[in-house]
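Remarks on the structure that follows.
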Amino acid sequence: MAVYTDVDPDDLAALVARYDIGTLLSCKGIAEGVENSNFLLETTGGRFILTLYEKRVSEGDLPFFVDLLAHLSEKHCPVPAMIRDRGGDAIQRISGRAACIIQFLSGISLTHPSPAQCASAGAALGAMHRAVADFGGTRANSMGREHWREVASATGNLDVVIPGLQAVVDAELDLLDREWPSDLPKHVIHADLFPDNVLMLGDRVTGLIDFYFAATDFRAYDVAVTHASWTFSDDGRNCNLARAGALMRGYAEEICLTDMEVAALPLLARGAALRFLLTRAHDWVHTPADALVTRKDPAPFLARLRRYQAEDAAELFVGI
Ligand SMILES: Nc1ncnc2c1ncn2[C@@H]1O[C@H](COP(=O)(O)OP(=O)(O)O)[C@@H](O)[C@H]1O
Ligand SMILES: N[C@@H](CCOP(=O)(O)O)C(=O)O
């Protein structure tokens, strides 16, 4: 359960009173998520999400996220609004944390998506990429390739997490430093579009959430992150080609990647697998013992990395 910071009921009632969203009826910690503290609020006006921003979200970046979600919403992407209080402010403070009250979206996050659902997710990602084309904001990717060594160092000895991991990571970081592309199309990307950040009803996407890693980076890297998180078995050893093909086909309905982007996908996916392997390994070691959170296992992302390292990895990105 991701609640790192508790909320005092009187402070919460005072916060809700700043908004035109009715009066507070209940507040429950949300089980999913690992990054921020999230609560489901019920008021006489309906349901809302209260997010308190934790370790990896800087308060200074919040106006960027507010603007990005407003832009995507205007372009009819199914993203939640960050609600403004009567004074026009979306960003608040409670329990010593920056916080926002966010529109609640209906839908379910899937754990085992079907190919049809992967196609919808790919199309939603592509539609989001089209929608950001004229978004003026930019944000450096604080979880981008240049930062992966820092995450690895901050973890300590990676062999404590998985025996032999340190050598694998050191070699991969060296290779990615040498071979990472420099001139692919870039704009603001989601950068963490895992199934738990997509709400669906049946095969329809009803919500894209959790934009707190959104940053300016290669759009094909966003495809690689989505591929890595939607198309593998739970243990990360097997890529399901029906899911992968459908995801790529769905994306292609909206965006035609260039030949250079397509050629770069296996390498970008190695980067994506490494990025989540590293942050999961870091959190495996450093999550506070008293936090109400279920740590995520790094091992399935090591398995994905190995699959993307294979010579035939390009075959995993063929749309069907
Ligand atoms: N706007 C929303 N509408 C409905 N549910 C949401 C919304 N935002 C978050 N949630 C729920 O809260 C969970 C955690 O949110 P998320 O933003 O992924 O947290 P974290 O940033 O900590 O990973 C989600 O998996 C989802 O169940
Ligand atoms: N998606 C990442 C970690 C971030 O978690 P989220 O709950 O914010 O998506 C992972 O699975 O490692």
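When the range 257-274 is filtered for residues that are outside any helix (DSSP H, G or I) and in contact with a helix residue (DSSP H, G or I) (Cβ under 8 Å, 6 or more places away or on another chain), only 257 remains. Against the list (1) in contact (Cβ under 8 Å) with a residue 24 or more places away in the chain; (2) assigned by TED's automatic domain parsing to the domain that holds residue 89, the condition residue 25 fails is (1).
Of the numbered criteria (1) farther than 28 Å from residue 55 by Cβ; (2) of a type outside the set (S, T, N, Q); (3) within 13 Å of ligand 1 (Cβ to nearest atom), the one residue 214 fails is (1). On inspection, residue 277 does not qualify as more than 18 Å from the chain's Cα centre (by Cα), assigned by TED's automatic domain parsing to the domain that holds residue 158 and part of a helix (DSSP H, G or I). Here residue 295 qualifies as basic (Lys, Arg), loosely packed, with under 14 Cβ neighbours inside 10 Å and in the same structural domain as residue 222 (by TED's automatic domain parsing). Filtered by the rule that a residue be more than 14 Å from ligand 1 (Cβ to nearest atom) and under 27 Å from residue 279 (Cβ atoms), the range 69-91 gives 71, 91.
Residues in the range 23-37: is at least one away from ligand 2 (no atom under 16 Å from the Cβ), in contact with a Cys (Cβ under 7 Å, 6 or more places away or on another chain) and aliphatic (A, V, I, L, M)?
Here is the first cut: in the range 23-37, the ones away from ligand 2 (no atom under 16 Å from the Cβ) are 23-28.
Retained after the next criterion (residues that are in contact with a Cys (Cβ under 7 Å, 6 or more places away or on another chain)): none.
No; the residues of the range 23-37 include none that is away from ligand 2 (no atom under 16 Å from the Cβ), in contact with a Cys (Cβ under 7 Å, 6 or more places away or on another chain) and aliphatic (A, V, I, L, M).
Test residue 295 against the criterion of being under 19 Å from residue 193 (Cα atoms) and either of a type in the set (A, V, I, L, M) or assigned to a helix (DSSP H, G or I) (or both), and give yes or no. Let's see the steps before the verdict.
Values: under 19 Å from residue 193 (Cα atoms): yes; either of a type in the set (A, V, I, L, M) or assigned to a helix (DSSP H, G or I) (or both): no.
The answer is no for residue 295.
Across the range 29-44, the qualifying residues are those that are of a type in the set (Val, Ile, Thr) and assigned to a loop (DSSP other than H, G, I, E, B), and the one among them that is farthest from ligand 1 (Cβ to nearest atom) is 44. Exactly one residue among 226, 155, 216 is crowded, with 19+ Cβ neighbours inside 10 Å and over 28 Å from residue 39 (Cα atoms), and that residue is 155.
Of the residues making up the range 60-71, at least one is away from ligand 2 (no atom under 16 Å from the Cβ), among the aromatic types (Phe, Trp, Tyr) and within 16 Å of residue 211 (Cα to Cα).
Need a quick list: strands (runs of 3 or more DSSP E) entirely within the range 101-209 having at least 1 residues that are at negative phi, free of Cβ contacts under 8 Å to residues at least 40 places away in the same chain and not hydrophobic (A, V, I, L, M, F, W, C). Once the strands (runs of 3 or more DSSP E) in the range 101-209 are filtered for at least 1 residues that are at negative phi, free of Cβ contacts under 8 Å to residues at least 40 places away in the same chain and not hydrophobic (A, V, I, L, M, F, W, C), what remains is 186-189. Scanning the range 45-61 for residues that are outside any loop (DSSP other than H, G, I, E, B) and either closer than 17 Å to residue 95 by Cα or free of Cβ contacts under 8 Å to residues at least 12 places away in the same chain (or both) yields 49, 50, 51, 52, 59, 60.
The values are calculated or read from the model by the stated rules, or taken from the named source; none is laboratory data. Keep in mind it's a predicted model, so treat the numbers as computed, not measured. All Cβ positions, glycine included, derive from the backbone under ideal geometry; neighbour counts span all protein chains shown.
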